[in-house]
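Inspection log for the structure reproduced underneath, given as structure tokens.
Each value in this text was obtained by applying a stated rule to the coordinates, not by laboratory testing. Here the structure is a predicted model, which means the values were calculated and not measured. Reconstructed Cβ throughout: ideal geometry from the backbone, glycine too, with neighbour counts over all protein chains shown.
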Amino acid sequence: MKKRRAQAKMFLGRLERSNLSSAEVYYRETRGLDISGYDQQITGIRSYTEEGLSVRTEDGNRIGSSFTELTDRKHLEQALAQAAEQVQYLPPDTGHVLYPGDRELFDDDCSSRELEQIPAERKQDFVLKLERAARALDAKVLSVPTSRYLESHQVITIVNSRGMKKVQRFSSCAALIQVSAGNTRQVHSGSYAVADRVFYHLSPLRIAQEAVMRAVEKMNPRSIDSGTYPVVFSPEAASQLLGAFFLSPYAPWFAENVMKGRSPLAGKIGEQVASPEVTIYDHPEGSSLYARKFDDEGVKTRKLILLQQGVLKEFAHSVYAASRLGTSPTGHGLRASFMAPVVTGLHAPCLTNGEHDLEELFDLCGSGVYITELDGLHAGVDVLTGNFSLSAGGFQIAEGKQKKSVGKCVAAGNIFELLEDIAAKGSDRREDSLQRFSSPSLLVKRLSISA
Amino acid sequence: MEYDREFLDELLKTALSKGGDEAEVFLENSSITSIRADDQRIRGIQQGIYAGAGIRIITGTNYLYVYTSNPDIPRLRELALGAAEAVRIGRRGSAAPLGDLLQDSLHAPQMDPSGIPLEDKTALLLRADHSAREYSPLIHDVMVNYGDWDQGVTIARSDGTYCQDRRVRTRFSVTAEAQQGERRENGSWNPGLAMGSEFFDLIPPETVAREAARSACALMDADYAPQGSMPVVLAHEFGGVIFHEACGHALESTSTAKGVSPFSEKMGKRIASAKVSAFDDGTMDHGWGSSAFDDEGVKTSRTRLIHRGKLESFMVDRIGSRQLDHPLTGNGRRASYRFPPASRMTNTFIQPGKKTPEEIIASVERGLYCRKMGGGSVNTATTEFNFAVHEAYLIIDGKIDRPIRGASLIGTGRDVLRRIEEVGNDLELGAGMCGSVSGSLPAAVGQPTLLVSSLVVGGRS
């Protein structure tokens, strides 16, 4: 951290010398590794270091913004000048302020030196083992198109001329596999991904087993009739669907969207808007890979309960929304990268676990559809209206048991109606998923399925 | 960030000093401006510089890729040396001296965006906001985004290839939301072209805004989409996403070389209806996905992928060419220096036929007419695809009937290509961002109006 303290001090010095009354430097550096294998060869290695900084300048409730990947003094000064120039083309807005620093913070809790010290050969070997394990598990495995190990080490530094000085480091590693299984008449694919901070927690056999099982159990699908069915969502599918609606910058759970008239939840704090089974909170202080001590505006993060037993409790506030509404930010101003603008977002949201295992959910369902995969989430959801229509894959449920694969179908509905229709939830929420939103299995009373 | 030929020669030699067949240096220096407006105000301006370099060493059909942002001479030397150490196969490669520098200005902007004052750019967004609201009193919310990108790349390879390409692109996007009582619907249009600010002479902000507003208002009386299989007419322009997803990705050598694509063994064989001929054309004038060279220094080209239903070519990058023994097609693309290149589509489209859209619609007794498509995705191993339909209408007795909303279409590439029964005469292309192994890239999709005999429509009624 010594180097990072010195760097933060250097950025502050540059801001002081710029003569700008209020300005911020946001710096991000990432080192990473991405290894791919195929057919028992390492086919690709990507190793990288990337850094860049974004500056924001504030003048009369107007914020200019500029970024550069050239981080020397000259380019930092150019970026500051560019941002300061923009201000004249922006209308004043009481929401546009930089957050004053609450205290200095240099946090190293989420980084892992151990991960970096593991030799690259061991990580390459892991990729080959992963593929080998998948091929050995079942004769129906035809190929393993993806067998991959990823690792990243990141530093975020935020300083501003209003007293902010914060640095946080993070590390993570992940394994991904995609398996094709079948025969001369049919091919099905199954994939699985696991993320952690500890390399030795990644088990090639367990990851391969999940992917192979997912590919093989899709064989010999039997189409179902189009109609409205009770549906059980797997943890991955539920997390994908809820993530699409809770993580979008246009999500109705964000104060900025409420303020701009884009949320049907406006004025409903304290009202029952979902099933009593639904408690959703953002827990940036937890053990998730997405946990953060402060957001991308430097605001200390905290647990935020959005829905408690179906009752709307609170909206997420960035500095912009909080300033406009005269309240405190909740630590939910995020950037997709240093090049991206600050928008409202959630760090590590989850829908809390229930008490049922999957078999019990099938039993409660009786007959319906078990959805394990969703595709097309980038296009098939309308966050503004809550409507969705998505390619889905899964299994028939009959007499309370999982039956044949139903092949590809389309699941269509509305997220607000779906949240009201959640009848029960599983106890199987994953802690090791790459997905930012984390949900257990969910039993939903009804959903339109087209096949 | 300029480097002389001798230094690039030195980097290539260093990269191959411990082994490898080929080495390549990719340098990027790009700038962007993006502006967003909503609620009749400019909300934010973002300007910035991307600068980085990547070095790739190819051995057989495998690669090592290292990259760094903020490249200076010591850092690049260190990068090349680090890459060589990581390869270390003992068989020293050789680097030919770089040839003459090839520079191209296939799409040089007539009005360079860097010379347009910010004030003029912000005015474009406010004009669009005003036009969308003027279109109908139902429009209560408008979001507008402006973006210009100026990407400069230099590619130096150990086979002597040495080229520079400048790609200037402009995109303008409007989303309008209509509201009546509790009912809300939105419409959007996001055109983009490889050109400078002359883009707005061709496609004024008002045109984009009115189209977004029209689409939002058209859906105010829409019912939910029907469920089940039915004939589907796909309108021209962004309807081409069906070919992009259903077939295009599975024709990229990244998929075909591993043998996972169902089209891997189909060269010269029939994979589509005889009415289908399809192209990928990276040379298209101002095409959203066009460039003079691809990101491996290969001149872009017009490649006929399917001719009267028969598979004629894959889209092939350098590694794919080694794997498949297939000629290069200028499709080695990457979103930035952060990615090694992979075979990717540029501007991909189905060739027009002879029938008018009206004749095609009149031939359908009951079905669905998809006027505006959203994005989609595909599993290249199975060719199972999906895409969202933003604005659609029922067809009853050969005539367009009431609007419907909230539909997705699913199917497999293998089936849908054979089910194309009619191909219209009204080819147009639309701009999209395509996400795949080498990042999110500008790619145009296109088609004339098409009739597919049967597709699964996922709706709610």
Seminar exercise, completed: Net charge near A:Pro91 (other residues with Cβ under 11 Å of its Cβ; Lys, Arg +1; Asp, Glu -1) is +1
Exercise. Among the aspartates and glutamates, which have Cα under 16 Å from the Cα of A:Lys300 when same-chain residues fewer than 8 positions away are ignored?
Worked result: A:Asp102, A:Glu104, A:Asp107, A:Asp108, A:Asp109, A:Asp282, A:Glu285
Seminar exercise, completed: What the 10 Å binned alpha carbon P(r) of chain B shows, as percent of pairs per bin from 0, is 4, 20, 27, 25, 16, 7, 2, 0
Seminar exercise, completed: For B:Arg43, the residues 5 or more places away or on another chain with a placed amide H closer than 5 Å to its own amide H are B:Arg36, B:Ala37, B:Asp38
Exercise. How well do other chains shield peptide A:84-91, expressed as the mean number of their Cβ atoms within 10 Å of each residue Cβ?
Worked result: 5
Exercise. So what's segment B:402-461 giving for Rg/Rh, alpha carbon basis, Kirkwood Rh from the mean inverse pair distance?
Worked result: 1.02
For this session: At most 11 other Cβ atoms within 10 Å and a DSSP loop assignment: could you name the GluC sites (Glu not before Pro) in segment B:343-450 that fit?
Result: B:Glu365
Problem set entry | Cα centroid separation, segment B:335-351 to segment A:84-147 (Å) | 24
Exercise. If we restrict to alpha carbons, what Rg and Dmax does segment B:13-59 come to, in Å?
Worked result: 19.6, 60
For this session: Take the alpha carbon atoms of segment B:1-110, find their radius of gyration, then divide it by 2.2 N^0.38 Å using N residues; give the quotient.
Result: 1.41
Problem set entry | Spherically averaged projected area in nm², based on the convex hull that wraps the Cα atoms of chain A | 22.3
For this session: Output the pairs from A:Lys303/A:Lys401; B:Lys266/B:Lys299; A:Lys218/A:Lys268 with a Cα-Cα distance over 32 Å in this structure; if there are none, say none.
Result: A:Lys303/A:Lys401; A:Lys218/A:Lys268
Seminar exercise, completed: Any trypsin sites (Lys or Arg not before Pro) in segment B:82-167 that lie in a DSSP loop and have at most 13 other Cβ atoms within 10 Å would be B:Arg88, B:Arg91, B:Arg92
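I need to check one value: relative contact order of segment A:297-451, counting alpha carbon pairs closer than 8 Å and at least 6 residues apart, in percent.
After rounding, I find 20 percent.
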For this session: Compute the acute angle (0 to 90°) between the alpha-carbon long axis of helix B:73-87 and the principal axis of greatest extent of the alpha-carbon atoms of chain B; round to the nearest 10°.
Result: 90
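Counting only other chains, what is the mean number of Cβ atoms within 10 angstrom of the Cβ of each residue in peptide B:431-437?
Numbers: counts 0, 1, 1, 0, 1, 0, 3.
Taking the mean over all residues of the peptide, I get 1.
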Exercise. At q = 0.09, 0.16, 0.17, 0.18 Å⁻¹, what base-10 log of I(q)/I(0) does the Debye formula yield for segment A:221-451 when every alpha carbon is treated as an equal point scatterer in vacuo?
Worked result: -0.37, -1.09, -1.20, -1.32
Problem set entry | Positive minus negative residues near A:Ala423 (Lys, Arg vs Asp, Glu; Cβ under 15 Å) | -4
Exercise. So what's the convex hull volume per residue for the Cα atoms of the protein assembly as shown, in Å³?
Worked result: 150
Problem set entry | Whole-angstrom Cα spans of segment B:224-458 along principal axes, big to small | 52, 33, 29
Problem set entry | Anchor B:Lys355: aspartates and glutamates whose Cα lies under 19 Å away (excluding residues fewer than 8 positions away in-chain) | B:Glu237, B:Glu365, B:Asp397, B:Glu421, B:Glu422, B:Asp426, B:Glu428
Problem set entry | Estimated Rh, segment A:2-216: Kirkwood, alpha-carbon pairs, angstrom | 20.1
Exercise. So, how do all the Cα-to-Cα distances of segment A:317-388 break down into 5 Å bins, in percent, from 0 on up?
Worked result: 3, 11, 10, 14, 17, 16, 10, 7, 8, 3, 0
Problem set entry | Distance between segment B:152-183 and segment B:237-305 - C-alpha centres, whole angstrom | 19
